[in-house]
Amino acid sequence: MRTERDVNPASSALASRFVAVRALSADLVAPLSDADATIQSMDDASPAKWHLAHTTWFFETFVLRDHVPGYRLFDERWPFLFNSYYEAEGARHARPRRGMLSRPSLDEILRYRAAVDAALLAALPDLSDVARTLVDLGCHHEEQHQELLLTDILHHFSVNPLESAIWPGDPKVPVALPGPIAWLEGRTGTVEIGAYAQSSQSFAFDCEGPRHTQLLHPHALADRTVTNGEWAAFIADGGYRDPRHWLSDGWAWAQAEGVVAPLYWEQRDGVWTRFGLDGRRPIDSAAPVTHVSFFEADAYASWAGARLPTEFEWEAAASGHDPLSGNQLDAAGAVEPRPSAGGPAFFGDVWEWTGSAFRPYPGFRAAEGAVGEYNGKFMSGQFVLRGGSCATPRGHVRASYRNFFYPHQRWQFTGVRLAKDL
Ligand SMILES: [Fe+2]
């Protein structure tokens, strides 16, 4: 017998979205063995297995435990393992030791996912609006972890001398180098920035609002991001050896870490190569440079006689472009920035460092409860990146979307768009 709840279109749309998001995570780890999925190659990265379990913990905790009467945890010991940083959820396993978790096994974690998926789909038609909002948040949260899962796997395989390819890459077709940058004159004066209130029809993270005004001064943005070929010219010109281009903190970082090129670049037989999810290959001079830190991005801009855009200049320019366009993640497979197809593009390929600190917009208030810890408590010492990357699930990013990382970090697909004052 069909009941009213079976045909609730909001329920079925959310169920379809939930199923699709959960399936993509499983597809991304399909090439991995249990050992591949267990290793943690650095403190910033997490094992693939941990991402699979943590995203499941998020749904189990904030939806099933809190909103489904009578729900019993899959394993009462696991929240300690898979809580990431939520102080309101109590003590947790130390982040740098996530790679010690050989148990539970990958198979057990996949069973955990299946059990939580079944429980959530069964509960969905009866969930309150608040709980449905948390299911939606959980889907966006899992998409963020899909990108991290890919960049963490890439880092993990990069430190193994075998330099294995996880997926075959795109066929390498020689592409003409893009012409010189064209400068796009930006809007001047007062502009509206940020997402509308989160209660409106479309999803946004809390840190994207409130919508408010910002004042833009005369400026221009490059019509594309910096290429590998241009970055190689920066290296050849001594860019990494000349402190005049560098912020003091950036110069100290580059000296201490021995940084002389983007992460994953190595010179072999006089040729610059890079490691990617398709193994080690010569760099593609026409493709956007990636795996550079904020410090490197700022030094490059200084060397080029330009600067990084502010996040407000970027958003004002990008808001007229389609956030579903560009090279973004659609399915498991080739993941790498590609040469520009021509014309100004703001979404996909590489996250673009801005010169803006990740700080609250005027009137920002973190949500009540544990999910209020999602973004607000990280608004210290990090810079905003915009636009999404080749590893960002398509549909996840939008013009108001604010990603953020510390200025030395570069294992994400991070790149550079230049700006200048007019
Ligand atoms: Fe998370």
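Tally up the residues in the stretch 164-183 that are closer than 19 Å to A341 by Cβ and of a type outside the set (K, R), please.
The total comes to 13.
Pairs only if they're at least six apart or on different chains, beta carbon under 8 angstrom, first in the stretch 299-328 and at negative phi and open to solvent by 40 Å² or more (accessible area, probe 1.4 Å), second at pLDDT below 95 and outside any helix (DSSP H, G or I); list them, first residue then second.
H321/P344; H321/A345; S325/A345
Given the conditions (1) free of Cβ contacts under 8 Å to residues at least 40 places away in the same chain; (2) within 16 Å of the ligand (Cβ to nearest atom); (3) polar (S, T, N, Q); (4) open to solvent by 30 Å² or more (accessible area, probe 1.4 Å), report the number of the one that N83 does not fulfil.
Every condition holds for N83 apart from (4).
Out of curiosity, is R386 free of Cβ contacts under 8 Å to residues at least 40 places away in the same chain and not aliphatic (A, V, I, L, M)? Before the answer, list the steps.
On the way: free of Cβ contacts under 8 Å to residues at least 40 places away in the same chain: no; not aliphatic (A, V, I, L, M): yes.
The answer is no for R386.
With the requirement that a residue be under 23 Å from D44 (Cβ atoms) and either within 16 Å of the ligand (Cβ to nearest atom) or open to solvent by 60 Å² or more (accessible area, probe 1.4 Å) (or both), what does the stretch 102-135 give you?
Hits for the stretch 102-135 are S102, I109.
Got a number for residues in the stretch 136-148 being away from the ligand (no atom under 11 Å from the Cβ) and open to solvent by 40 Å² or more (accessible area, probe 1.4 Å)?
Summing the residues that are away from the ligand (no atom under 11 Å from the Cβ) and open to solvent by 40 Å² or more (accessible area, probe 1.4 Å) in the stretch 136-148 gives 1.
Looking at G388 and the list (1) open to solvent by 10 Å² or more (accessible area, probe 1.4 Å); (2) part of a loop (DSSP other than H, G, I, E, B); (3) out of contact with any Ser or Thr (no Cβ under 7 Å at 6 or more places or on another chain), which single condition is not satisfied?
It is condition (1) that G388 fails.
Restricting to the stretch 15-48, name every residue that is within 16 Å of the ligand (Cβ to nearest atom), open to solvent by 20 Å² or more (accessible area, probe 1.4 Å) and in contact with a Gly (Cβ under 9 Å, 6 or more places away or on another chain).
Within the stretch 15-48, Q40 is the sole residue that qualifies.
Specify the residue that is farthest from the ligand (Cβ to nearest atom); the eligible residues are those in the stretch 149-164 that are surrounded by fewer than 20 Cβ atoms within 10 Å (Cβ to Cβ) and aliphatic (A, V, I, L, M).
L162
From (1) farther than 21 Å from S158 by Cα; (2) open to solvent by less than 60 Å² (accessible area, probe 1.4 Å); (3) within 14 Å of the ligand (Cβ to nearest atom), pick out the condition that doesn't hold for H51.
For H51, the exception is condition (1).
Tell me whether the stretch 204-219 contains one or more residues that are at pLDDT 95 or above, in contact with a strand residue (DSSP E or B) (Cβ under 7 Å, 6 or more places away or on another chain), open to solvent by less than 40 Å² (accessible area, probe 1.4 Å) and not aliphatic (A, V, I, L, M).
Yes, the stretch 204-219 contains a residue that is at pLDDT 95 or above, in contact with a strand residue (DSSP E or B) (Cβ under 7 Å, 6 or more places away or on another chain), open to solvent by less than 40 Å² (accessible area, probe 1.4 Å) and not aliphatic (A, V, I, L, M).
If T354 passes every condition in (1) assigned to a loop (DSSP other than H, G, I, E, B); (2) at pLDDT 95 or above but one, which one does it miss?
(1)
Output the number of residues of the stretch 262-292 satisfying the condition of being in a loop (DSSP other than H, G, I, E, B), open to solvent by 40 Å² or more (accessible area, probe 1.4 Å) and touching a helix residue (DSSP H, G or I) at 6+ places or on another chain (Cβ under 7 Å).
Residues that pass the stated criteria total 2.
Among the residues in the stretch 408-415, are any at pLDDT 95 or above, farther than 14 Å from E352 by Cα, open to solvent by less than 10 Å² (accessible area, probe 1.4 Å) and under 10 Å from the mean Cα position of the chain (by Cα)?
no
Return the only residue of E89, E4 being among the acidic types (D, E), under 17 Å from H141 (Cβ atoms) and either within 16 Å of the ligand (Cβ to nearest atom) or at pLDDT below 95 (or both).
Details: E4 fails: under 17 Å from H141 (Cβ atoms).
The conditions single out E89.
Could you please let me know if R72 is within 16 Å of the ligand (Cβ to nearest atom) and either of a type in the set (D, E, K, R) or farther than 27 Å from N375 by Cβ (or both)?
no
Consider only pairs whose beta carbons are under 7 Å apart and that are at least six residues apart or on different chains; among these, list those whose first residue lies in the stretch 97-123 and is within 16 Å of T38 (Cβ to Cβ) and whose second residue is of a type in the set (F, W, Y).
R98/W50; L101/W50; Y112/F74
Being closer than 27 Å to T392 by Cβ, within 16 Å of the ligand (Cβ to nearest atom), of a type in the set (F, W, Y) and open to solvent by less than 50 Å² (accessible area, probe 1.4 Å): is that true of W78 here?
Criteria not met by W78.
Within the stretch 282-306, how many residues turn out to be in contact with an Asp or Glu (Cβ under 9 Å, 6 or more places away or on another chain) and under 17 Å from R338 (Cβ atoms)?
Adding up the residues that qualify gives 6.
The values are calculated or read from the model by the stated rules, or taken from the named source; none is laboratory data. Note that the structure is a prediction, hence the values are computed from the model and not measured. A quick note on method: Cβ atoms are made from the backbone with ideal geometry, for glycine too, and the neighbour counts reach across all protein chains shown. Note: areas computed on protein heavy atoms with side chains; ligands, DNA, RNA excluded. Shrake-Rupley method; radii C 1.70, N 1.55, O 1.52, S 1.80 Å.
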